[in-house]
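**Q** First, the structure itself, so that you have it in front of you.
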Amino acid sequence: MEMKKRINLELRNRAPEEVTQLVLDNCHCVNGEIEGLNDTFKKLEFLSMVNVELSSLARLPNLSKLQKLELSNNRISGGLEVLAEKCPNLTYLNLSGNKIKDISALEALMEMKMMKRKMKLVQLRDMGKRRKKKRRRKRMKMKQAQNWEREKRKWVSHT
C-alpha cells in the first residue's frame, strides 16, 4: 500500500490537525521519499515509518510538536540535518537498520536540543553500568576463588 493511501486510512475520518499519533509501518513510499505527510499535522507527537523503503528525509514537513520518531529498517544514509530544523522538540529517535555507514552522518543531530540534553544522561548511565559490571565481575572472581579454595581443602582432607 502506498504511503498516501495509508495516511488516509490512519486518519479514520479525523482532520490532520487532530492527529497526535501516526503509524505508517510497512507501507511503500515512492522514490524513497515521504508522501502525503504535510504541515497540517500540527499536533503530531509520535510518527512511525518503519520499513517503508525511505531513503530521504528531504520532504519531511515541519512537525514542531513531534517528540518520538521511528525510522528503523529503511535506506537512510544521510541528510539528518533536516530533523534538527523541522522537528525541534524530538526526544526519541530510532535509526536502527538504516544504511548509515559513517558517524559524520550523525553529526547534524548533535546540534539538536535533544542530543545536548540526553548526551550527558546517556554518558552517566553508561558509566554507572560499567561500574556495576566491574563490581559484579570482581564479586564473581572472589566467589570463584573461594569456591576453588573450598574444593582444594576437600581434596587435601581426602588424601
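Nothing in this text is a laboratory measurement; each read-out follows from the coordinates by a stated rule. Values in this document were obtained by computation on a predicted structure and should not be read as measured data. Cβ coordinates were reconstructed from backbone atoms using ideal geometry, including for glycine residues, and neighbour counts include every protein chain displayed.
**Q** Inside segment 38-65, can you point out the residues that are closer than 20 Å to residue 100 by Cβ and either in contact with a strand residue (DSSP E or B) (Cβ under 8 Å, 6 or more places away or on another chain) or among the basic types (Lys, Arg) (or both)?
**A** 47, 48, 49, 50, 52, 53, 59
**Q** In segment 21-37, which residues are surrounded by 13 or more Cβ atoms within 10 Å (Cβ to Cβ) and in contact with a strand residue (DSSP E or B) (Cβ under 6 Å, 6 or more places away or on another chain)?
**A** Answer for segment 21-37, where residues must be surrounded by 13 or more Cβ atoms within 10 Å (Cβ to Cβ) and in contact with a strand residue (DSSP E or B) (Cβ under 6 Å, 6 or more places away or on another chain): 22, 23, 25, 28.
**Q** Do you know which of the residues in segment 65-95 that are acidic (Asp, Glu) and over 15 Å from residue 22 (Cα atoms) is surrounded by the most Cβ atoms within 10 Å (Cβ to Cβ)?
**A** It comes out as 81.
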